Each structure stands twice: as C-alpha cells, then as structure tokens.
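Here's the structure, in structure tokens; my notes come after.
The values are calculated or read from the model by the stated rules, or taken from the named source; none is laboratory data. Note that the structure is a prediction, hence the values are computed from the model and not measured. Backbone-built Cβ (ideal geometry, glycine too); neighbour counts: all protein chains shown. Just so you know, the surface numbers come from the protein's heavy atoms only, side chains and all, with ligands and any DNA or RNA stripped out. Shrake-Rupley method; radii C 1.70, N 1.55, O 1.52, S 1.80 Å.
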Amino acid sequence: MTMPIGVGGATPEAELARLRALRFSHTPIAPQEYRARRDLLCQQMQAHEVGAIFLNAGTNLDYFIGLKWSASERLVGALLTAEGELLYLAPHFEAGSIADFWLEPGPLALWHEHESPYALLGAELDQRGLGETTLAMDGSAAFFLVDGVYQANPALTLVNADPLVSACRACKSPAEIALMQTAKSMTLEVHKSAARILREGITTTEVAAFIHEAHKAVGAPGGSSFCIVLFGVATSFPHGVKEAQTLKADDWVLIDTGCRVAGYHSDITRSYCFGQASEAQRHAWQAEKAAQAAAFAAAQLGQPCEAPDHAAREALEGFGFGPDYQLPGLPHRTGHGCGLEIHEAPYLVRGDRTPLATGMVFSNEPMLVIPDQFGVRLEDHFYMGETGPVWFTEPSHSLDDPFGLNA
C-alpha cells in the first residue's frame, strides 16, 4: 500500500525519543507587562465612564494580574478601579493560598463562609467613594455571581466588561506571540510524529493517548490541552463522535490537537489519507487548501474580521461547494481568536466588523464537510504583523506530502 510521505512506518517509542531530543525554550510574561495591561484597562474604564471592574477567577484574572485561580461556587477575584487601585476578594480561609499564587501583592478583602461576599464587594467600593458607580462585571462570571452583586448593591450599575477586556486582549504583545509560536511549533512536531505511528488496527483512542505523551515529551508539561482523532466517516463531524474508530487501509484521517505554553494555546489540524486518496478526497483537499489560502490573503490590516470568512467561502464555491453554510461546504466560521483561551474574540466570521490590527491572532480553518463521507480541516494560525498576516506554522504542503518533508 502506497502511503503519503511521513505517514506510517515508525514506532511510538522511536517518535517519543525524537520529540524528547527537541528543545523549545520560552520566556514567561514579565511583571511590567501585567502592569501595562492594567494601565490599558484603566484607560478603557475611564473612556467608558466605568468606575471599577470585577475580574473573576479564571482567564481575565490571570491576564491582567497573573493570578492563576480556577472559578468555583465561591467568589474569588479582584476589583480594579479606574484609577488603578487593586483589591483582591477571597474567602478568609484562602488568604494564604492567594498570597502564595499572586504575582502582584495587594490588599485582601476577606469573607467568612456565613458572610456575603457580594455585600463585602459593595462595602469596599463604597469606602472608595464608588458606591453608586458603574461596575463592569467579568463576562466569564457565572450568573449567580452577577445576580449576587446586583441583589446586594442596588445602587450599582452593572455592565458587561467584555468590550473593555477585549479591547485590551485582542492585540497580542511580542511576548505573547513568542509563547504561542513555541506552543504551535511543538504541536506541529507532535502532528508529524502522530502521522508516523499510524498503522492498520490502531484505534483513535491509542493515537490520542500517544499525542498526549508526545506533547509532554516535546516540552508541554500538561500534555495535550485537547485532542480530536477521527478516521473514516467520523471525519465529517467537525468535533468528532463518541465511538472510537479503528484505522483501516485507505481511511481518511483528521487530527486536531494542541497544548499550552505558559498558558498560551496551540491548535493545529491536519487531514490526509492512510493510503490512497480517492479523486473526491483529492478534490476536497485542494478546495480546503485554496480556501485556507484565500482567507489568509484576505486578512489585511484595516479590513474587517469577516473578510477572510467571505474569501474562504468564495473559494469553496469555486470548487462546487456551498454556497454559504450549505453542505457539502463550510458549516462554521473560518477562524477564531486565540491566546490564553483557545477560542476568544474577535472571530473570522460574517458580522464581525472589527478591523484587523497588528498583534491579532487567529486560527484559519475553513473546514469542508461532505456529509456521510469525510471532512477536511487544515488548520494553522497566523498573527497580524506590521505589514499583514504571518503564519505561525506553514500550512500542509500537499496530500502526498502533508508535512512538506520532501518539499
């Protein structure tokens, strides 16, 4: 059976050894960058006449303050006033842990289990002359938190903080782009290894387990942050099916996976054939590659984020797919922002008129779905450089040489 170049022929042990020999270094976000992020957020608050913002445990607390803390049923987070004053809020019994994890020391407002954290938040604002201010609530905060603040503090005007936060997070710094470059370079090497260990009879579960260990071998301590491995007809479901599949000769393969480096994500997909591709598969693969290239070319500074989505769909129509969201065709947006969250604003989708700006990062994945047959997703990420889009990873080379090993 003739295979594409780089598919099959190696053992998991040999590939893990290859990955362990690779070296990827990275530099964490510096403390002064966190301060600059908060300064920018304060400017946003002042421009929108917001007196303070509540940053909930989770991504925004990490992004602006460097405190990694998971959201739970208890209120944990920070208040940041428009003038730059920082105050942490947490259960009393967590005070030591908060101080152990924070990068930026600050005052703590603490509550015992029988007390209301929402009333405490209001009292702290009142002490600062902000008892009747507009408070921006972290958009990731659960409804019970927002409702608790609202019920306990009727004089406050609550608004969604997402527009303020997105204005700060949408354009990545050189340090953030460098971290994502490392993560994406790691994952591309893992993809190469995953393709090499394929053999008849291997299951999607086995491949996913290998990819997890491969990410750890190449330097991602947490292994895979997610992993989708699909064979055959299952590849026509963008996010997979619940049953595992077993690889057979001439099966279509789709693998989508990523990892984190210092919290920043990679997310790369490759599609190819374990054997001989049919004419229909070759036609669809070329259509997908053309759509990805068209989206990249349309991503020009100052153009709206929806422009690449329009370009990708137009390219697919030229190959006889679509139109619009019709199948066979592209059933979802062309791309998403990426950073500390794997999916974050802005998006490459119709209706997102956000102008493309230097530092923005996007996936480019105009997946082509042929129902009940197969699906093709080629996904790489790019960032907006000073003169236009720049790939983090080179797109798949060809169906016969997916990783460009003989290019």
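Once amide H atoms are built 1.01 Å from N in the peptide plane, which residues 5 or more positions from D352, or in another chain, come under 5 Å H to H?
E306
Calculate what fraction, in whole %, of the accessible area of the chain sits on carbon and sulfur atoms when a 1.4 Å probe is rolled over the protein chains.
53
Excluding F101 itself, what net charge comes from residues whose Cβ is under 12 Å from its Cβ, given Lys and Arg +1 and Asp and Glu -1?
Summing Lys and Arg as +1 and Asp and Glu as -1 gives -3.
Please turn the phi angles of the stretch 395-403 into ³J(HN,Hα) values with the Karplus equation 6.51 cos²θ - 1.76 cosθ + 1.60 (θ = phi - 60°), one per residue in order, whole Hz, x for glycine and proline.
Values, residue by residue: x, 3, 6, 7, 5, 8, 8, x, 9 Hz.
List the residues, sorted by chain then number, that are 5 or more residues from Y272 or on another chain and whose placed amide H is less than 5 Å from its amide H.
Close amide H contacts, sequence-distant or interchain: V253.
Cross-link list K172/K192; K192/K242; K68/K289: which exceed 32 angstrom alpha carbon to alpha carbon?
Beyond 32 Å: K68/K289.
What do you get for the angle between helix 279-298 and the principal long axis of the chain? Use alpha-carbon atoms, 0 to 90 degrees, nearest ten.
Result, in degrees: 40.
Accessible area per residue for the chain in Å², computed with a 1.4 Å probe and the full protein assembly in place, what is it?
41
For the stretch 1-133, go through all pairs of different Cα atoms, get the mean of 1/r, take its inverse, and jot down that Kirkwood value in Å.
It is 17.8 Å.
Tell me the GluC sites (Glu not before Pro) within the stretch 1-86 that lie in a loop according to DSSP and have at most 13 other beta-carbon atoms within 10 Å.
Listed in order of number, the matching sites are E49, E73, E83.
Give me, ordered by chain and number, the residues 5 or more places off L89 or on other chains with an amide H under 5 Å from its own placed amide H.
Distant-sequence amide H within range of L89: G77, A78, L79, A109.
In degrees, nearest 10, range 0 to 90: what is the angle between the Cα axis of helix 306-318 and the longest Cα principal axis of the chain?
20
Can you give the net charge of the other residues whose Cβ lies under 12 Å from the Cβ of L378, counting K and R as +1 and D and E as -1?
Here the charged neighbours net out to -3.
I'd like the distance separating the alpha-carbon centroids of the stretch 286-341 and the stretch 149-228, in whole Å.
Centre-to-centre (Cα) distance: 22 Å.
Karplus couplings for the stretch 21-31 from phi (6.51 cos²θ - 1.76 cosθ + 1.60, θ = phi - 60°), rounded to Hz, Gly and Pro as x?
7, 7, 10, 10, 10, 8, 10, x, 4, 7, x
If each Cα of the chain is one equal point scatterer, what is log10 of I(q)/I(0) from the Debye formula at q = 0.07, 0.09, 0.10, 0.11 Å⁻¹?
The calculated log intensity ratios at q = 0.07, 0.09, 0.10, 0.11 Å⁻¹ are -0.38, -0.61, -0.74, -0.86.
Would you kindly derive the ³J(HN,Hα) couplings of the stretch 141-151 from the backbone phi angles with the Karplus curve 6.51 cos²θ - 1.76 cosθ + 1.60 (θ = phi - 60°), listing them in order in whole Hz, with x for Gly and Pro?
With coefficients 6.51, -1.76 and 1.60, one gets 5, 5, 4, 4, 6, 4, 5, x, 5, 4, 5 Hz.
How charged is the neighbourhood of A249? Take every other residue with its Cβ under 11 Å from the Cβ of A249, and add Lys/Arg as +1 and Asp/Glu as -1.
It works out to a net charge of -1.
Relative contact order for the stretch 1-138: what percent, with Cα pairs under 8 Å and sequence separation of 6 or more?
22 percent.
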